[in-house]
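All remarks here apply to the structure that follows.
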Amino acid sequence: MTNIVNHWIGGKTAEGASGTYGPVTNPATGAVVTKVAFASVDEVDAAVAAAQDAYLTWGQSSLAQRTSILFTFRALLDAHRDEIADLITAEHGKVHSDALGEVARGLEIVDLACGITVQLKGELSTQVATRVDVASIRQPLGVVAGITPFNFPAMVPMWMFPLAIACGNTFVLKPSEKDPSAAMKIAELLSEAGLPDGVFNVVHGDKVAVDRLLEHPDVKAVSFVGSTPIARYIHTTASANGKRVQALGGAKNHMLVLPDADLDAAADAAVSAAYGSAGERCMAISAVVAVGAVGDELVEKIRERAEKIKIGPGNDPTSEMGPLITKAHRDKVASYVAGAAAEGCEVVLDGTGLTVDGHADGHWIGISLLDRVPTTAKAYQDEIFGPVLCVLRAETYEEGLALINASPFGNGTAIFTRDGGAARRFQLEVEAGMVGVNVPIPVPVGYHSFGGWKDSLFGDHHIYGNDGTHFYTRGKVVTTRWPDPSDAPAGVDLGFPRNH
């Protein structure tokens with residue numbers, strides 16, 4: 001009998017009642033290993049109702065209580081990191097070391113939430129007028145929701161809920177239906193840590209569940225990470241329903257390599273950033289811009305390294321890259337490589353014919369490297385989300401910068417150079433939200449916020465860091481005047497209030 005991944009509502013497992021299920025596949029074998037219940041509108045409403053009921057007390061709970069529970073959760077998460085990584089590998093396909101890295105980056109935000117007391121300190125100005133004080137405070141919003149992607153089933157939810165609940169909100173998570181088990185394990189650990197029932201809830205599903213969260217009047221804010229078209233839809237729909245929204249979209253991250261760069265270091269970085277996690281991450285480097293005469297040598301160094309990457313099941317300790325999430329996605333990624341030559345690209349490596357012994361039905365694809373890619377090629381224009389690296393050529397720094405800034409995406413970018421002046425110019429002139437200088441994947445640490453520009457972000461707030469705390473709270477200003485005990489009643493004054 002196939003196992004079923006159900007919902008988590010009000011502090012316990014809630015069996016799916018809609019009668020609709022989705023398959024959960026092991027990408028390395030192609031076999032359906034379990035199925036996940038898809039929530040109906042009524043089931044989403046039940047999760048929101050549980051969160052709303054819990055908010056009545058959780059929103060008034062002390063910071064000491066919230067952070068104490070989060071400290072306990074952090075210890076449990078650390079103790080179970082291998083188990084969570086195994087769940088990620090089984091359903092997503094990424095190698096175990098990569099899955100462990102994902103959990104570690106999620107732990108960074110839990111650490112931040114454990115210290116939320118500093119970020120939630122208000123401001124006070126005394127004696128702004130005679131015996132008048134003004135204080136600024138931040139308060140929770142209420143019920144908030146997170147809609148997260150398949151590529152980081154543990155990390156991206158942890159970019160959201162730890163800060164949300166630390167700030168006093170309650171949370172409804174709609175994880176990807178392709179790899180739902182990590183979210184359920186996290187829910188169990190939160191409950192074990194002592195989180196009150198209803199503060200954290202999980203509903204699985206498709207567009208029905210998503211749309212209900214976007215429409216529900218008791219959901220005050222929505223966080224999303226995914227593709228640009230869906231991010232735009234999430235932002236538009238939730239905003240129209242009066243909600244605060246942070247929606248992180250897709251990317252086409254460029255790496256500019258100047259003629260003075262250490263080409264071995266640049267090649268190492270390009271291979272790691274392009275092919276790590278099989279390219280299924282929004283911060284992957286998918287376009288290298290080689291400036292001047294370094295292009296041929298750089299491409300050869302990338303090819304030499306890429307050919308040595310061992311591809312196999314994620315639970316094989318010798319594997320360095322696993323399969324893609326679904327067969328349909330694998331075929332879509334392969335189509336970009338198959339059509340590349342006709343669009344003017346030079347195909348240096350074609351990984352579309354890869355097979356893995358003993359796993360004939362897995363969603364396998366090898367390393368692909370395209371050189372001299374024109375900006376009109378689909379492989380350059382689209383977010384492929386797979387192990388395909390495009391190399392473009394530019395004669396000058398200015399030409400390379402203009403090429404990058406012409407992209408509709410502005411998530412992350414990097415420059416490789418020994419020239420501090422060039423690096424300084426780049427970080428100021430490039431149109432992207434995250435910049436790396438000799439760092440290929442500039443994902444910020446937890447106390448700095450993550451987010452892009454242009455079509456890579458919809459909404460005003462980046463995720464986690466200070467922006468995360470501000471997103472999950474709203475400001476209030478309190479002006480207070482207390483009469484001195486010796487004052488006589490002042491009587492009525494209909495004039496404009498005086499500040500002195």
Test: residue in the stretch 284-307 that is modelled with pLDDT of 95 or more, open to solvent by 20 Å² or more (accessible area, probe 1.4 Å) and in contact with a Pro (Cβ under 6 Å, 6 or more places away or on another chain): yes
Total residues in the stretch 186-236, condition closer than 20 Å to residue 156 by Cβ, among the hydroxyl-bearing types (Ser, Thr, Tyr) and assigned to a helix (DSSP H, G or I): 2
Scope the stretch 95-124; condition surrounded by fewer than 21 Cβ atoms within 10 Å (Cβ to Cβ), of a type in the set (A, V, I, L, M) and within 25 Å of residue 477 (Cα to Cα); matching residues: 118, 120, 124
The one condition in (1) modelled with pLDDT of 95 or more; (2) closer than 24 Å to residue 136 by Cα; (3) of a type outside the set (Lys, Arg) that residue 417 fails to fulfil: (2)
Boolean, residue 171 is open to solvent by less than 10 Å² (accessible area, probe 1.4 Å), closer than 23 Å to residue 449 by Cα and of a type in the set (Phe, Trp, Tyr): yes
Filtered residues of the stretch 262-290 (kept if touching a helix residue (DSSP H, G or I) at 6+ places or on another chain (Cβ under 7 Å) and not in a helix (DSSP H, G or I)): 284, 285, 286, 287, 288, 289, 290
In the stretch 362-392, the residues that are farther than 13 Å from residue 348 by Cβ and of a type in the set (Val, Ile, Thr): 365, 375, 376, 384
Residue that is least open to solvent (accessible area, probe 1.4 Å) [pool: residues in the stretch 472-496 that are modelled with pLDDT under 95 and aliphatic (A, V, I, L, M)]: 488
All positions within the stretch 2-50 that are in a loop (DSSP other than H, G, I, E, B), more than 18 Å from residue 179 (Cα to Cα) and open to solvent by 30 Å² or more (accessible area, probe 1.4 Å): 17, 18, 19, 40
Per-region count, the stretch 209-229, residues without any contact (Cβ under 8 Å) to a residue 40 or more places away in the chain and either buried (at least 19 other Cβ atoms within 10 Å of the Cβ) or in contact with a Leu (Cβ under 6 Å, 6 or more places away or on another chain) (or both): 1
Qualifying residue in the stretch 381-390 (condition: in contact with a helix residue (DSSP H, G or I) (Cβ under 8 Å, 6 or more places away or on another chain), small (Gly, Ala, Ser), open to solvent by less than 30 Å² (accessible area, probe 1.4 Å) and within 30 Å of residue 102 (Cβ to Cβ)): yes
Which numbered condition residue 342 fails, given (1) crowded, with 24+ Cβ neighbours inside 10 Å; (2) assigned to a helix (DSSP H, G or I): (1)
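Quick grid of which residues meet (1) over 19 Å from residue 269 (Cβ atoms); (2) at pLDDT 95 or above; (3) of a type in the set (A, V, I, L, M); (4) part of a strand (DSSP E or B):
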position: 421; (1), (2), (3), (4): yes, yes, no, no
position: 425; (1), (2), (3), (4): yes, yes, no, no
position: 436; (1), (2), (3), (4): no, yes, no, yes
position: 441; (1), (2), (3), (4): no, no, yes, no
position: 444; (1), (2), (3), (4): no, no, no, no
position: 470; (1), (2), (3), (4): yes, yes, no, no
From 141, 163, residue being farther than 19 Å from residue 449 by Cα and either in contact with a Phe, Trp or Tyr (Cβ under 6 Å, 6 or more places away or on another chain) or open to solvent by 10 Å² or more (accessible area, probe 1.4 Å) (or both): 141
Test: residue in the stretch 358-370 that is within 24 Å of the chain's Cα centre (by Cα) and open to solvent by 70 Å² or more (accessible area, probe 1.4 Å): no
Residue in the stretch 200-208 that is touching a residue at least 12 places away in the same chain (Cβ under 8 Å) and either of a type in the set (Ser, Thr, Tyr) or over 28 Å from residue 6 (Cβ atoms) (or both) present: no
Which numbered condition residue 266 misses (of (1) surrounded by fewer than 20 Cβ atoms within 10 Å (Cβ to Cβ); (2) closer than 27 Å to residue 452 by Cα): (1)
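The values are calculated or read from the model by the stated rules, or taken from the named source; none is laboratory data. For clarity, every value in this text was computed on a predicted model and none was experimentally measured. Counting neighbours? That spans all protein chains shown, and the Cβs are built from the backbone with ideal geometry, glycine included. These area figures cover heavy atoms from the full protein model, side chains too; ligands, DNA and RNA do not enter into them. Shrake-Rupley method; radii C 1.70, N 1.55, O 1.52, S 1.80 Å.
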